[in-house]
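For reference, the structure is listed below as structure tokens.
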Amino acid sequence: MRNPWVHDDVPPGADSGYGGKVRILGAIVWGTLLLGVGGTALLIGTGAVDPALGGSLGSAVTYVVAGAALVLLLPLILRLLAISRLLAAVAFLGSGWLLGRFVWSREAERIERLASGDGLGPGAESLDWLVELLDTLLALL
């Protein structure tokens, strides 16, 4: 009787780890996780999100849901990119519009307050270089 788990057609050195797309997907997942944790630490450090307040909990839930939706949409968009660039671009723009609309509908007042600079906490002056960089990039466009 032959063992069904042994494959004769696979060379002995071929099963040494993951390859290609699995490594890229793993890098994307770990990168997204790192950005999520770093972004949360940055938001809490600057005072934009205060976890002790009940109102900020709704903001945190909104950002987590939007981030999870983005992570789940990314493999779909990458798969569509293999089929058609136009289809992937339409899916990317549509999903970006839907996620942006979702976040804007829940956080419009907070985003407007942060954009004017009123809602930032005491550590926000450390982000001045980032605001200057964005202003410079927007001036070049």
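FYI, it's all coordinate maths here, none of it is from the lab. Keep in mind that what you see is a predicted model, and the values were worked out from it rather than measured. We place every Cβ from the backbone using ideal geometry, glycine too, and count neighbours over all the protein chains shown.
Key figures for this structure:
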| read-out | value |
| --- | --- |
| Label point distance in nm, L98-L130, each placed 7 Å from Cα along Cα→Cβ | 2.8 nm |
| Length added when fully stretched, L34-L137, from 0.36 nm per residue minus Cα-Cα | 34.6 nm |
